[in-house]
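The values are calculated or read from the model by the stated rules, or taken from the named source; none is laboratory data. No experiment lies behind these values; they were computed from the predicted model shown. All Cβ positions, glycine included, derive from the backbone under ideal geometry; neighbour counts span all protein chains shown. Only protein heavy atoms, including side chains, enter the accessible area calculation; ligands, DNA and RNA are left aside. Shrake-Rupley method; radii C 1.70, N 1.55, O 1.52, S 1.80 Å.
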Amino acid sequence: MLIKCPRGWELPESMATPETAYFNRRTLMKGLAAGSILAATGFPSGHVLAAKASDPPADDPSAKLYPFKKNEKYTIDRALTDPEVNATYNNFYEFGSHKEIWKDAQKLPIRPWMVTIDGLVENKIEISVDDLMAKMQLEERLYRHRCVEAWAMTIPWSGFPLKVLVEFAKPLSAAKYLVMETFTNAKVASGQKQFWYPWPYVDGLTIEEATNELAFIATGAYGKPMAKQHGSPLRLAVPWKYGFKHVKSIVRFSFADKQPKTFWQTVQASEYGFWANVNPEVAHPRWSQKTERLLGSGVRVPTLLYNGYAEAVAALYLGKEKEPLFR
Ligand code: MTE
């Protein structure tokens, strides 16, 4: 007999835990956090569970560099999401297909962290994350963050424009796409033992998108190094696109002449495409995208075309109207 269990991405949006119930449950759990239950989670030696989920990783030596100057061009007309709310409601399938992965994500060792830049470039580059950060001008930007599951947050990211990394990489003129890849380490990321997922997590942008002023590589959040569950030490933030484009814990930037097949296209191509631009008028096959829930407050607000960033990005898609730009 074939029993079909719905996997994380197959749940209808309405079945997601309402965040008020979710956060009440978390408050209850807090009292247990320091006790024996968490002591038994099997962390590699030297990995200490942070007191608060939003605390920066203890093994991140870049902490002394923070905070960075705020870039006033990128501010927002709505309240920032509480960092604890942000840090305890995540998607990071490497650590499980539920929202409570933050504890397991602490198992990820983030130093040494080497980044490879290869493919259609003048010279392949292997560089440590700290050397890469030293070459970049770091800053803070407030961005909207909109998941395809119709929840949203507002986050102060720290990091640098992806455009500067592209310039540093010196891509050849044949390069049309930038592909980003997450680490593979099933020893610490138990989700990577789930063979039906096409690990490693991969997604990509066109070169025009990657060099758009909004495309950002985040190293931190809330004025500190980013907590591991957000994709420490390097994570993409492209705020006009659904969250699944925001590749976490990147180890490789590869330049290509062909559009890559992304992680989510391999999993469910009928629902998740390459472009994934936010649009209230284009429903997900299983739910509407007209509104979004602001995590923390639970308030529902209208979804904005390109998540409110049309002025900066709409021109990228002129002439591409026949492409599935909004899923
Ligand atoms: N990157 C990796 N490597 N693995 C993932 O599972 N999930 C994506 C994206 N990046 C994911 C990932 C999805 S579906 C979303 S909505 C965002 O990360 C969530 O980012 P957040 O947890 O920091 O809010």
Binned Cα-Cα distances of the stretch 191-304, short to long, each 5 Å bin given as a whole percent
2, 10, 16, 21, 21, 18, 10, 2, 0
What's log10 of I(q)/I(0) for the stretch 13-317 at q = 0.11 Å⁻¹, Debye sum over Cα points only, no solvent?
-0.65
Along principal axes, Cα extents of the stretch 199-239, largest first, whole Å:
29, 29, 13
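Which value in Å does the Kirkwood hydrodynamic radius of the stretch 223-269 take, with 1/r averaged over all unlike C-alpha pairs and then inverted? Numbers along the way, then the final one.
Details: mean 1/r = 0.0807 Å⁻¹.
When all Cα pairs of the stretch 223-269 are included, the Kirkwood radius is 12.4 Å.
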Which whole-angstrom value gives the distance between the alpha carbon centres of the stretch 83-101 and the stretch 187-228?
14
For the stretch 13-317, the accessible surface attributable to carbon and sulfur atoms (probe 1.4 angstrom, ligands and nucleic acids excluded) amounts in percent to 57
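Extension gain Arg286-Lys320, at 0.36 nm per residue separation less the Cα-Cα distance, in nm?
Working: separation 34, 0.36 × 34 = 12.24 nm, distance 2.50 nm.
Here the answer is 9.7 nm.
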Among 130-141, 281-292, the order from most to least packed when residues are scored by Cβ within 10 Å on average:
130-141, 281-292
